[in-house]
Amino acid sequence: MVDSRWQTELEIPTEGFFDAFASQLAQPDGLRDGLREAVKVLIPRIDWEAYLPHVPQGILGLRAVLRLRPLLTEGAFRRALAIQLHMAAHEGRRASATTAQAVAAKGSGTWRNLESFIQSRKPGLAYAEAQGFDLPDAADFRRLGALVEGDMANVGHKGVFTAHLADLHERLERPKATGRRLFGLAAWLAATQEDTFWYRRAAKRMEREATDAPAAGNDAAVREICDLGLVGMLDAFTGRIKAGASHGQLLSILVEAASEKLLDARRDLEGKTAWTLVYLAHLAETPPSDPCVWAQGAALVNLFPTDEPEERVQPKGGVPDGSALLEAILDAEAPEAMGHAQALCRAGKADEALARVAEAATFNDPTFNHASQILAAAATADLLPHLPSASAEAMLVALAKSFANSQGSGDLGRLADRALG
């Protein structure tokens, strides 16, 4: 059941947004139905075109919050969901006439037409065609994902969006109308301008015969990704693929390299650099058979700057105590946060470190960081089961540093807590 106050706030959000959300949660199936309504109302109203070549991440962050629910207290989960919905509801809106057209648009619902509109770069028609599907299912989202596998426009958002919107659809128990909106958004994004530069460069290298065997071990591979230019890095990484590196080996190398990049990230690049973990989690959850897609992941990590090792922040002290980790992050004490995360991992408590890092993300206004913290925390949860302990430790230590170094305002979360009780 959907509360009328919640519907009104989604249409025109006011200072009563969190009170209306609290009222919605009190309804039978209030959480599920409230989220369904939010997605159904907001997708055609957000001015997606105005954000291009970027993508607003309010809707995307909803999946991240739901993914983190098992790690959070109920209060932290509700706070995170409330402020994420607030972010989505306040993203730029279309003109009312354009919204009406988007709501009414409906094509024939055939894959032939949908693929044609995507290939001819007609996002509006792709969205409308997707509305003609009676009930998009997981197979439809996978088929759409395959069409954008080699497209790294806006650093890989197309593949991530498609997979995460599919997961959000499942978590909302596959609603029809909301499902069409989610599928339509994924189709719309798929049809926007493509970028296959990294894919084509990787494919060219995969066609060559293998030369010298690459140096063994993750350390050498991480140095190649972090220190070489794009050309040399792609030569080295595709060489490892041709030498028989497994998906698990490739993933651990990429995560360790991304973690080093995150340690080196300036404050203004924390969120953008953390996106590498979101993309790598997408590869971990849906491992591509095409080796060039793994090379795209390496190119993405390679894109971000690397500092000299002696200038890199180092863990300080540290006890295996989750409360100490949370406090250090919220107090913006990066070395201490790193030390506590490291101590927890070495005590066999990586799951507790993840839970505390995730909790820290629920205090931060997602609008301040484009939802990067909640997305990175969910990505870390997705990645953790796929990684050896050394890679997991590197990732959690780097994430603790990143979160401590990019704390924003907690005012919005406090307002949500007050309304939710």
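Pop out the ³J(HN,Hα) list for the range 368-379 in order, Karplus 6.51 cos²θ - 1.76 cosθ + 1.60 with θ = phi - 60°, rounded to Hz; leave Gly and Pro as x.
4, 10, 6, 6, 5, 5, 5, 5, 5, 5, 5, 5
What ranking do 235-248, 177-190 get when scored by the average of other Cβ atoms within 10 Å per residue, highest first?
Averaged packing, sorted descending, gives the order 177-190, 235-248.
For the range 123-185, what is the accessible area per residue in Å² when the probe is 1.4 Å? It would help to have the intermediate numbers written out before the result.
Details: 2070 Å² over 63 residues.
Ligands and nucleic acids excluded, the figure is 33 Å² per residue.
Quick check: at a probe of 1.4 Å, how many percent of the accessible area of the range 78-215 sits on carbon and sulfur atoms?
For the range 78-215, the apolar C and S fraction of the accessible surface comes to 48 percent.
Using the heavy atoms of the protein chains and a 1.4 angstrom probe, tell me the accessible area per residue for the range 30-121 in square angstrom.
Working: 3680 Å² over 92 residues.
I get 40 Å² per residue for the range 30-121.
Tell me, what is the percent relative contact order of the range 273-378, built from C-alpha pairs under 8 Å that lie six or more residues apart?
Reported relative contact order: 26 percent.
Probe 1.4 Å, all protein chains in place: accessible area of residue 11 in Å², nearest 10?
80 Å²
For the chain, what is the number of Lys pairs with C-alpha distance below 27 angstrom, counting only pairs 8 or more positions apart or on separate chains?
The result is 26.
May I ask for the distance between the Cα centers of the range 95-172 and the range 360-400, given as a whole number of Å?
That distance is 27 Å.
Ranked highest first by the average count of other Cβ atoms within 10 Å around their residues, in what order do 267-274, 155-162 fall?
Details: 267-274: 17.4, 155-162: 25.2.
The densest-packed peptide leads the list: 155-162, 267-274.
How big is the gap, in Å, between the Cα center of the range 270-306 and the Cα center of the range 62-79?
Result: 24 Å between the Cα centres.
Could you work out the local net charge near residue 206, counting Lys and Arg as +1, Asp and Glu as -1, over the other residues with Cβ closer than 14 Å to its Cβ?
In short, +3.
The values are calculated or read from the model by the stated rules, or taken from the named source; none is laboratory data. All values reported here derive from a predicted model rather than from experimental measurement. In this analysis, Cβ positions are derived from the backbone assuming ideal geometry, glycine residues included, and neighbour counts consider all displayed protein chains. All accessible areas refer to the heavy atoms of the entire protein, side chains included, with ligands and DNA or RNA removed. Shrake-Rupley method; radii C 1.70, N 1.55, O 1.52, S 1.80 Å.
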